[in-house]
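> Before anything else, here's the structure in question.
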Amino acid sequence: MLIGPTFVDELKAAGAPLDGLSWGADGAIVYSPSYQAADKLIVQAVLAAHNPNGPAAHNFAIDAQIDALERESMIPRPVREGLLLVWQAVAQLLNWATLAQLLDPTPGNTKYHAGFAKAYAFNQSIVALRAQREPVP
């Protein structure tokens, strides 16, 4: 059985100690000699229920894309979360014609604002990625 990126979180949620435990992507589990038998049972149960391609793994990949955008833009997560709220408020305050003018780089458009357009595009990228997330039971 393959092990996906959410396996460690599933182990933590089940209360399995991580010290003395390692695994490969192929599903091979290696225990230290001191790893307790009861903890091994927890690990085996988590492994049996683990879905390496399930919604949590899908969301992990989406979150990795969001984090890559964040690193590229040099905007830390708390600031990014605040920006999302600000852009939602800005979109509500501006009418669509004004918003379109701010985003339109056509030569001669004196209302175009490159910084605003870049920030808006960044925000829309995050919103689009978040829309791809799946509910996790």
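> Out of all the residues in the stretch 105-137, which are in a loop (DSSP other than H, G, I, E, B), out of contact with any Ser or Thr (no Cβ under 9 Å at 6 or more places or on another chain) and free of Cβ contacts under 8 Å to residues at least 12 places away in the same chain?
If the condition is that a residue be in a loop (DSSP other than H, G, I, E, B), out of contact with any Ser or Thr (no Cβ under 9 Å at 6 or more places or on another chain) and free of Cβ contacts under 8 Å to residues at least 12 places away in the same chain, then 106, 107, 108, 109, 110, 113 are the ones that fit.
> With the condition kept exactly as written, say whether any residue in the stretch 92-114 is among the hydrophobic types (A, V, I, L, M, F, W, C) and under 30 Å from residue 58 (Cα atoms).
no
> Need pairs with beta-carbon distance below 6 Å; first residue more than 17 Å from residue 117 (Cβ to Cβ) and free of Cβ contacts under 8 Å to residues at least 24 places away in the same chain and within the stretch 82-95, second small (Gly, Ala, Ser) and surrounded by 10 or more Cβ atoms within 10 Å (Cβ to Cβ); sequence gap 6+ or separate chains.
As it stands, the answer is none, since no pair meets every condition given.
> On to the next question. Using beta carbons and a limit of 6 Å, which pairs, at least six apart or on different chains, have the first residue in the stretch 15-41 and more than 11 Å from residue 3 (Cβ to Cβ) and the second one among the polar types (S, T, N, Q)?
20/32; 20/34; 30/22
> Which number in (1) hydroxyl-bearing (Ser, Thr, Tyr); (2) within 16 Å of residue 125 (Cβ to Cβ); (3) modelled with pLDDT of 85 or more marks the one condition that residue 73 misses?
For residue 73, the exception is condition (3).
> Just the residues that are over 11 Å from residue 129 (Cα atoms) and modelled with pLDDT of 85 or more, please, taken from the stretch 59-70.
60, 68
The values are calculated or read from the model by the stated rules, or taken from the named source; none is laboratory data. Here the structure is a predicted model, which means the values were calculated and not measured. Cβ sites come from the backbone with ideal geometry, for glycine too, and all protein chains shown count toward neighbours.
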